[in-house]
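Enquirer: Below is a structure I'd like to ask you about.
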Amino acid sequence: MKAGKKVSASSFASKTGLALLTACILNVSPLFIAKVYAQEKPDLAAIKADPQLSALVPEAYKNKSTLTVAVNPEVPPIKFVNDDGDIDGFTPDLVAAAAKVLGLKVNFTQTSFDSLIPGLSANRFDVLLSLGDFDSRHKQVTFVDYLNIGQTIVASPKRKLVMNSLDALCGLNVALPRGTNTFEDAKVLNEKCVKDGKKPVVISTYPDTNAVMLSIVNKSSDAVWVDSPAGSYNAKKFPDLYQTVFFYVNASYGIGFGTSEDGKKLASAMQQALLKLNKEGVYEQLLKKWGLPVDEGRPDFPINSPWMMPTKAADEVKAKA
């Protein structure tokens, strides 16, 4: 995908014979995203605008013609920076395709996770790509939900950490991305640890998921608490460095829009475009292309409707990790 802001680090690594070493040391995981996971690839270039759906787009966005889409590209294969330095992944593909249905273009702008919602509120961004849909965020963001996700605890396999519940984190140094909902969960867990007479969790936050994962490599954390796509991906690609030791389901990923009247109308128009893509088979093809389980998709694309997928046995989850 050739849309997005150039990022020199991954471009440099891909042009040297040290790409593998660089990725292992710096955790530049986007370099190792497989180009395709399935033979069936949707032809996104062939997608045409639908005049009826284009009519649903508010005039303010029609006049701009290009949506400014903010993305923190740190959760492969959902959103990441590829070895050409471009923003890539399942969600950029999906949003770009839906925008084409609406007769719009997209301009992906890289930012940190904790800048997404403030940037949307300040009208610097039109769309957020993407973040967990929680009720607490609905006053600031209108979500079009498109994928179910969980949380993973990841540690070095050398630690041989065994977890049957989050309580096992009591007394450990745990890293997580700044501004995420898991920070509130970690604070609640910390209070429980102390109440139960156990050592508190030492919580450290980092600006993005890549920095969080790196904290395991440089031994500044005992474990990390990250979105399941990123945790599972890193455990698959770097089994000597990372091991998924615990998983639980907590939310849906949503594409974010504003809460103004125009923001809500744009969200509704995007929902209709996504429904059209699903009907034409594009949504499922993209899930397969990026190696995501079809049964974790949300092909109805509800608005502001967090949903908990059925609980899965730990063995089944670890088999995927």
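Enquirer: Looking for something assigned to a helix (DSSP H, G or I), under 18 Å from the mean Cα position of the chain (by Cα), closer than 27 Å to Q151 by Cβ and not hydrophobic (A, V, I, L, M, F, W, C) - is there at least one such residue anywhere in the stretch 290-297?
Expert: There is at least one residue in the stretch 290-297 that is assigned to a helix (DSSP H, G or I), under 18 Å from the mean Cα position of the chain (by Cα), closer than 27 Å to Q151 by Cβ and not hydrophobic (A, V, I, L, M, F, W, C).
Enquirer: Across the stretch 51-78, which residue is farthest from D227 (Cα to Cα) among those that are among the β-branched types (V, I, T) and outside any loop (DSSP other than H, G, I, E, B)?
Expert: Here the answer is T66.
Enquirer: Regarding T205, is this residue among the polar types (S, T, N, Q) and buried (at least 24 other Cβ atoms within 10 Å of the Cβ)?
Expert: Here the answer is no, as T205 does not meet what is asked.
Enquirer: Which count do you get for residues in the stretch 248-278 that are assigned to a helix (DSSP H, G or I) and under 16 Å from L56 (Cβ atoms)?
Expert: Count: 17.
Enquirer: Looking at P239 and the list (1) out of contact with any strand residue (DSSP E or B) (no Cβ under 6 Å at 6 or more places or on another chain); (2) assigned to a helix (DSSP H, G or I), which single condition is not satisfied?
Expert: Of (1) out of contact with any strand residue (DSSP E or B) (no Cβ under 6 Å at 6 or more places or on another chain); (2) assigned to a helix (DSSP H, G or I), only one is false for P239: (2).
Enquirer: Looking at the structure I just gave you, is E184 free of Cβ contacts under 8 Å to residues at least 40 places away in the same chain and within 21 Å of V75 (Cβ to Cβ)?
Expert: Here the answer is yes, as E184 does meet what is asked.
Enquirer: Please go through the stretch 131-179 and give me each residue that is more than 15 Å from V249 (Cα to Cα), polar (S, T, N, Q) and out of contact with any Gly (no Cβ under 7 Å at 6 or more places or on another chain), ordered by number.
Expert: S136, Q140, S156, N173
Enquirer: I would also like to ask the following. Enumerate the strands (runs of 3 or more DSSP E) found wholly within the stretch 79-184, keeping only those where 1 or more residues are acidic (D, E) and closer than 28 Å to Y61 by Cβ.
Expert: 142-155
Enquirer: Could I ask something else about it? Does the stretch 220-236 contain any residue that is modelled with pLDDT under 90 and hydrophobic (A, V, I, L, M, F, W, C)?
Expert: yes
Enquirer: Looking at the stretch 117-146 only, could you name the residues that are farther than 22 Å from V188 by Cβ, surrounded by 22 or more Cβ atoms within 10 Å (Cβ to Cβ) and of a type outside the set (S, T, N, Q)?
Expert: Hits for the stretch 117-146 are L120, F125, D126, V127, L128, L129, V141, F143, V144, D145, Y146.
Enquirer: Please find, among L292, L266, L274, L241, the residue that is surrounded by 17 or more Cβ atoms within 10 Å (Cβ to Cβ), in the same structural domain as V127 (by TED's automatic domain parsing) and closer than 30 Å to K158 by Cβ.
Expert: L292
Enquirer: So for the stretch 100-114 (the condition being surrounded by fewer than 24 Cβ atoms within 10 Å (Cβ to Cβ), closer than 30 Å to P200 by Cα and either among the charged types (D, E, K, R) or without any contact (Cβ under 8 Å) to a residue 60 or more places away in the chain (or both)), does at least one residue qualify?
Expert: Checked against the condition, which is being surrounded by fewer than 24 Cβ atoms within 10 Å (Cβ to Cβ), closer than 30 Å to P200 by Cα and either among the charged types (D, E, K, R) or without any contact (Cβ under 8 Å) to a residue 60 or more places away in the chain (or both), the stretch 100-114 yields at least one hit.
The values are calculated or read from the model by the stated rules, or taken from the named source; none is laboratory data. Values in this document were obtained by computation on a predicted structure and should not be read as measured data. Glycine also receives a Cβ, built like all others from the backbone with ideal geometry; neighbour counts cover every protein chain displayed.
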